[in-house]
1. Once the piece of chain linking residue 204 and residue 52 is laid out straight, how much longer is it, given 0.36 nm per residue of separation minus the C-alpha distance between them?
2. Under 12 Å from the Cβ of residue 157, count the other residues' Cβ atoms, weight Lys and Arg +1, Asp and Glu -1, and hand me the total.
3. How far apart, in nm, are the 7 Å Cα→Cβ label points at residue 178 and residue 119?
4. Need one word for the stretch 17-413: rounded, prolate or oblate. Basis is the Cα gyration tensor (sqrt eigenvalues a ≥ b ≥ c); a/c below 1.5 gives rounded, then a/b vs b/c decides.
5. Using Cβ contacts closer than 10 Å as the measure, can you line up 104, 384 from fewest to most?
6. Would you please classify the overall shape of the stretch 49-161 from the alpha carbon gyration tensor, given that a ≥ b ≥ c denote the square roots of the eigenvalues, rounded means a/c under 1.5, and beyond that prolate means a/b larger than b/c while oblate covers the rest?
7. What length, rounded to one decimal in nm, is gained on full extension from residue 195 through to residue 255, with 0.36 nm per residue of separation minus their alpha-carbon distance?
8. So, counting K/R as plus one and D/E as minus one, what does the shell of residues with Cβ under 11 Å around residue 221 add up to?
Amino acid sequence: MSPTPETRDPYAALRFRDVRMLIASAALSGLAGRGLAVVIGFQVYAITKDPLALGFLGLVEAIPALSLVLYGGHVADNRDRRMLVLLTGTVSVLCALAFAALSWWIAKPPVLALYGIVFVAGIARGFANPAGSAFEAQVVPREVYVNASAWSSSVWQMSAIAGPMMAGFAFAGLGPARTYLIIAGLQILSWGCVYQVAKRPIPESQPHESVWLSIREGIHFVVHNQSLVGSMALDLFAVFFGGAIALLPIFATDILKVGPQGFGFLNAAPSVGALLVMLWTTRHPPVKRAGVNLLLSVGAFGISMIVFGVSKNFYLSLLALAASGGFDGVNMVIRGVILRMLTPEHLRGRVAAVSWVFIGSSNELGAMESGIFARLMGTARSVWAGGVLTLLVVAATAKLAPELRRLSFEPKEV
């Protein structure tokens, strides 16, 4: 019989075997994914020396991912979610091996070829994200939602700290090809953890329902729930304007002059801050006055990015990035609780797909925005100006979304 731990137990979610397997998979995929971002970003910039090329890198993945994610949500609500996660994980492994082969055979691979592999990975991501979110909600018992979210995010952040540093040192010492092979191995291990999770029933669906009507139902549910759409929009515009991760190769190379090793530390710094906060949330879930906490955390994120944008000191830059990650960690935990608590089971895939449209738009299109404004305004100026815009977004959301502002959960409920 499965245990039924108390909500206040900081290890409640870890007492379930399938949850442990999903958390281990998140750790390994986080290690691989963040490492891959470092290697491909540094490789593209080393070849092109053009900040806009880094912006295009995000756009090339975002186009297929965002184009397909709503359909991916429909598929996730009508097919075996576990199998979808395994199939898309296989594509990720093959893409990492393709990067390795290309970098092994050609010292400076054509950037278009690298973009092509990223495009294929984006197609898989369009199906993987909604299926993974919906499958996780099936696996995690309701009484440990917050605890599981905190542990999953914490372990993923631990791997995200190690991933960029590992990739930075591996890139400098072993070159890109061998680093890609290491990343492929980590993705295989992540795949194996998901395979160990027991199958879950396929969600009930409306017979003969058209794809468009199915997708529209998910969009309609989100749009008419002010807490859901408000939290998603807040994250979209805040990260779209305030994010600077895509520009870190430029800060490491041209502004702070710390090279690939320093770039790895800069890339890992937000995850350090997020990890500390998420470990704290395993005991103190920030769900009481969740809406206010969400607004405050995003505002503090914007202030952190202003400090990073004006800094010329490596250590102050590390501190500012760590602070931004900590505040973003609060944001992530609260948004995860809102998504799980307010979404019915039969709509989880489609609502997760809408959420990933917002997340993908902020992260990937935000990378494109960063590249464009870095070229037009200068790298540092574009970052601190984005932080200012983030503060304006928080103020507008607080005014326009009163239901989100008033949203609160009792810790015993989650």
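1. On the way: separation 152, 0.36 × 152 = 54.72 nm, distance 4.51 nm.
Here the answer is 50.2 nm.
2. Every neighbour counted, the sum reads 0.
3. For residue 178 paired with residue 119, the spin-label model returns 3.2 nm.
4. Numbers: a/c = 1.57, a/b = 1.18, b/c = 1.33.
Verdict is oblate for the stretch 17-413.
5. Working: 104 15, 384 19.
If I rank by nearby Cβ atoms, fewest first, I get 104, 384.
6. Values: a/c = 2.19, a/b = 1.75, b/c = 1.25.
It is prolate, given that a/c is not under 1.5 and a/b is the larger ratio.
7. On the way: separation 60, 0.36 × 60 = 21.60 nm, distance 4.43 nm.
Result for the pair: 17.2 nm of gain on full extension.
8. Working: positive: 216, 348, 350; negative: 217.
Overall, the nearby charge balance is +2.
Rule-based calculations on the coordinates, nothing more; no lab input. Every value quoted in this text rests on a predicted model; they were computed, and no experiment measured them. No Cβ is skipped: glycine too gets one built from the backbone with ideal geometry, and neighbour counts run over all protein chains shown.
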